[in-house]
Amino acid sequence: MKILIVRLFPYEININNYNVQEIGLAKALVKEGNQCDIVFYTKGKEKREIINVDNKKINIFWIKGYNILKNGLYGKKLLKLAQNYDIIQSSEYDQIYNLKLTKKFPNKVVIYHGPYYSEFNKGYNLKCKLFDKFFLTNRYRKVPFITKSELASEFLRKKGFENVTTVGVGLDKDKIQDSNNVESLISRTNNNEKWLLYIGKIEERRNIIFLVKVLKRLKDENKNVKLILIGNGRKEYKEKVFDFAKSLGVFDSIIYKEKIQQNEISKIYKKCDIFLLPTEYEIFGMVLLEAMYFNLPVITTLNGGSSVLIKNRENGIIINLNEDEWVKNINELLENKDFRENLAKKASLTIKEEFLWDKLVYRFINIYKQTKEKIRRNNRCLKK
């Protein structure tokens with residue numbers, strides 16, 4: 001098959017410093033004998049890059065578009081390119097340009113969708129209300145959708161979408177290979193110390209102040225722990241977090257790094273004891289995939305990624321944002337070595353057996369084949 005993956009979201013990304021889902025999937029599709037290319041948004045100069053996989057090429061087309069209320073809008077160039085492919089995998093149900101793609105290429109478009117309803121996500125909820133009122137049609141509801149979580153699938157089904165399949169998100173092993181450059185970045189001076197890790201944006205949605213409160217509770221119980229925070233964020237919020245930590249007397253128990261390279265990240269996971277993600281809302285969360293892959297037990301909330309990846313207390317822990325519960329579960333993992341190691345082992349197996357792109361790709365291919373078969377049936381009917 002010839003597949004074109006289109007990322008409609010109108011923001012430019014750095015493909016060298018980011019674990020890009022489109023590239024991970026494209027590489028897996030090419031390894032399975034398909035031709036696959038990618039379209040990314042740019043507001044600047046258009047260009048083409050080439051990635052080589054198994055002596056085959058993946059073309060990355062940077063096509064100029066316009067960002068109108070977080071909708072990526074493109075001209076005829078994308079439509080002209082798309083006509084050369086058997087399958088067009090686009091993104092997000094609420095992107096207006098999908099209406100043009102599905103009208104121009106009926107029965108040829110599959111949409112990969114991640115967001116779901118959350119009271120925390122007020123801006124997105126409003127955007128969806130407007131999209132549903134002015135653009136959502138019965139014809140559009142028949143388009144096949146692949147989702148990143150069951151939460152996303154439920155979100156679409158409630159809107160009347162008929163063909164929705166939960167698949168998840170894969171991990172690209174090539175982007176998280178070991179590096180020898182991390183040892184000096186963070187070093188452990190006390191082998192009896194336990195490290196709690198958070199990686200991601202330092203922002204209100206991720207409840208970093210909540211983590212500081214949990215750290216305080218653990219220190220009050222004489223737990224020899226440190227909180228490792230890795231990520232950037234708004235200066236005002238970061239200052240709020242660190243001022244709060246100082247007021248509680250736990251600032252010295254926090255190790256903060258603004259960023260590390262993607263290919264250096266494995267040793268950070270391997271150095272730590274528990275991964276914490278107290279998020280209000282998460283479309284998926286690549287950090288969950290990474291932490292679990294590297295044998296790190298995870299405690300998180302119910303979110304897109306955890307709903308697909310984690311069976312509670314079998315390969316991870318899902319709990320509400322309650323300080324008592326977080327302190328209780330962290331203590332259990334710190335004190336019960338067998339439970340901690342068993343959880344971590346099953347977490348790693350889950351990712352390696354089900355959620356590497358090389359494993360997950362077959363589910364995408366099956367949906368593409370079903371879509372192509374539908375096209376064949378429609379063509380036969382037209383000939384009759």
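Against the test of being in contact with a Ser or Thr (Cβ under 9 Å, 6 or more places away or on another chain) and modelled with pLDDT of 95 or more, the options Pro297, Pro278 yield a single qualifying residue, Pro278.
Scanning the range 176-185 for residues that are closer than 24 Å to Leu289 by Cα and surrounded by fewer than 19 Cβ atoms within 10 Å (Cβ to Cβ), which turns out modelled with the highest pLDDT?
To start, the set of residues in the range 176-185 that are closer than 24 Å to Leu289 by Cα comprises 176-183, 185.
Subset that is surrounded by fewer than 19 Cβ atoms within 10 Å (Cβ to Cβ): 177-181, 183, 185.
Working: Gln177: 72, Asp178: 63, Ser179: 57, Asn180: 55, Asn181: 52, Glu183: 51, Leu185: 62.
Within the range 176-185, the match that is modelled with the highest pLDDT is Gln177.
If you check Tyr140, Tyr124, Tyr116, Tyr112 for being among the aromatic types (Phe, Trp, Tyr) and touching a Gly at 6+ places or on another chain (Cβ under 7 Å), only one passes: Tyr116.
Restricting the range 249-258 to residues that are in contact with a Phe, Trp or Tyr (Cβ under 9 Å, 6 or more places away or on another chain) and in contact (Cβ under 8 Å) with a residue 40 or more places away in the chain leaves a set whose member that is surrounded by the most Cβ atoms within 10 Å (Cβ to Cβ) is Ile254. Determine whether the range 259-266 contains at least one residue that is free of Cβ contacts under 8 Å to residues at least 60 places away in the same chain and either crowded, with 18+ Cβ neighbours inside 10 Å or aromatic (Phe, Trp, Tyr) (or both). Among the residues of the range 259-266, not one is free of Cβ contacts under 8 Å to residues at least 60 places away in the same chain and either crowded, with 18+ Cβ neighbours inside 10 Å or aromatic (Phe, Trp, Tyr) (or both), which makes the answer no.
Do the conditions hold for Ile186, that is, is it part of a loop (DSSP other than H, G, I, E, B), of a type in the set (A, V, I, L, M, F, W, C) and either more than 25 Å from the chain's Cα centre (by Cα) or not assigned by TED's automatic domain parsing to the domain that holds Ile274 (or both)? Here the answer is yes, as Ile186 does meet what is asked.
Looking only at residues in the range 324-347 that are of a type in the set (Asp, Glu) and closer than 18 Å to Trp195 by Cα, which one is nearest to the chain's Cα centre (by Cα)?
So in the range 324-347, the residues of a type in the set (Asp, Glu) come out as 324-325, 332, 335, 338, 341.
Among the residues that remain, those that are also closer than 18 Å to Trp195 by Cα are: 332, 335, 338, 341.
Values: Glu332: 28, Glu335: 31, Asp338: 30, Glu341: 25 Å.
Checking each candidate, the answer is Glu341.
Strands (runs of 3 or more DSSP E) wholly in the range 1-58 with at least 1 residues that are buried (at least 18 other Cβ atoms within 10 Å of the Cβ) and hydrophobic (A, V, I, L, M, F, W, C) - which ones?
Numbers: elements: 2-6, 35-42, 47-53.
Output list reads 2-6, 35-42.
Cβ separations smaller than 6 Å between residues 6+ apart or across chains give no pair from the range 325-347 residues that are assigned to a helix (DSSP H, G or I) to residues that are modelled with pLDDT under 95 and of a type in the set (A, V, I, L, M). Of the residues Ile88, Ile58, the single one that is within 20 Å of Leu99 (Cα to Cα) and not polar (S, T, N, Q) is Ile88.
Going through (1) in a helix (DSSP H, G or I); (2) modelled with pLDDT of 95 or more one by one, Ile202 falls short only on (1).
When you check Leu302 against the structure, is it at pLDDT 95 or above, within 15 Å of the chain's Cα centre (by Cα) and in a helix (DSSP H, G or I), yes or no? No: the conditions fail for Leu302. When Lys223, Lys238, Lys267 are screened for being at pLDDT 95 or above and either β-branched (Val, Ile, Thr) or not assigned by TED's automatic domain parsing to the domain that holds Asn125 (or both), only Lys238 passes. In this structure, Asn207 does not qualify as surrounded by fewer than 16 Cβ atoms within 10 Å (Cβ to Cβ) and either under 21 Å from Ile319 (Cα atoms) or in contact (Cβ under 8 Å) with a residue 24 or more places away in the chain (or both). The residue that is farthest from Glu264 (Cα to Cα), among those in the range 213-234 that are in a helix (DSSP H, G or I), touching a residue at least 40 places away in the same chain (Cβ under 8 Å) and more than 26 Å from the chain's Cα centre (by Cα), is Arg217.
The values are calculated or read from the model by the stated rules, or taken from the named source; none is laboratory data. This is a predicted model, so every value here is computed, not measured. Here Cβ is always computed from backbone atoms with ideal geometry, including for glycine, and neighbour counts include all displayed protein chains.
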